[in-house]
Amino acid sequence: MLSFNDQLRLNLAVLDLEHFCCARSITNRRLLGQNEIMNAHDVFADFIQRPIDATGYLPSLEPEQLNAHPAGHPNSVAWLLWHTGREIDVQLSDLSGKPQVWEEFRDRFELGELGESVGYGHTSEQAEQIKVDDQKLLMDYVNSSVRALGEYVASLSEQDLDVVIDDRWETPVTRGVRLVSIVDDATQHIGQAAYAAGAILASR
């Protein structure tokens, strides 16, 4: 079990990563001479970049570390990154009507039928069956899914963001709200992967 100080160091590392990504995004906008008055598309473009930035600063892990289960938790770093790509990809395909990015990655993952799922509702046994030894493959899938999401958002008008796409909820869900939810979920899971990776490395 990690000591309090080790846990604190890991939390601070994740916060430092988030601060660095935010600062770099602002700096990039200024270097490109972009107008600092942001519209909805600017906000989404900046927001969507965050998972890519965060993924790029994950520590390098060996295959056994990628598939380790800290404290016996069923979600390994590999599972978290796979799930991040899947939740973006599947929901984007539903919104855009286009094929999933997964079509280009399925054979490389070799996860069989379970790889077609998203991960929601996985039992511990199912989650532990998601084993991926190649960190770059996982990151490539996440980043490809995020970029596809960015291209989709760029094709929308601001009026498109207000269209209700799911009225099954008490407050109907608009396209814009769904997009925020997709990116928020991705960012949370990459943060979890960063914490789990830090815990694994600290326990060596």
Among helices (runs of 4 or more DSSP H) entirely within region 112-204, at least 3 residues that are out of contact with any strand residue (DSSP E or B) (no Cβ under 7 Å at 6 or more places or on another chain) and under 16 Å from SER60 (Cα atoms) occur in 135-154, 175-202
Residues being closer than 24 Å to ASP184 by Cα, charged (D, E, K, R) and touching a residue at least 60 places away in the same chain (Cβ under 8 Å) - total across region 106-153:
1
Which of the residues spanning region 154-195 are more than 19 Å from the chain's Cα centre (by Cα) and among the basic types (Lys, Arg)?
ARG168
For region 54-71, what are the residues that are in a helix (DSSP H, G or I) and free of Cβ contacts under 8 Å to residues at least 60 places away in the same chain?
GLU64
State whether the residues of region 72-86 include one that is crowded, with 17+ Cβ neighbours inside 10 Å and assigned to a loop (DSSP other than H, G, I, E, B).
yes
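Laboratory data are not the source of any read-out in this text; all were calculated from the coordinates shown. Fair warning: this is a prediction, and the values are worked out from it, not measured in the lab. Every residue, glycine among them, receives a Cβ derived from its backbone with ideal geometry; neighbour counts consider all protein chains shown.
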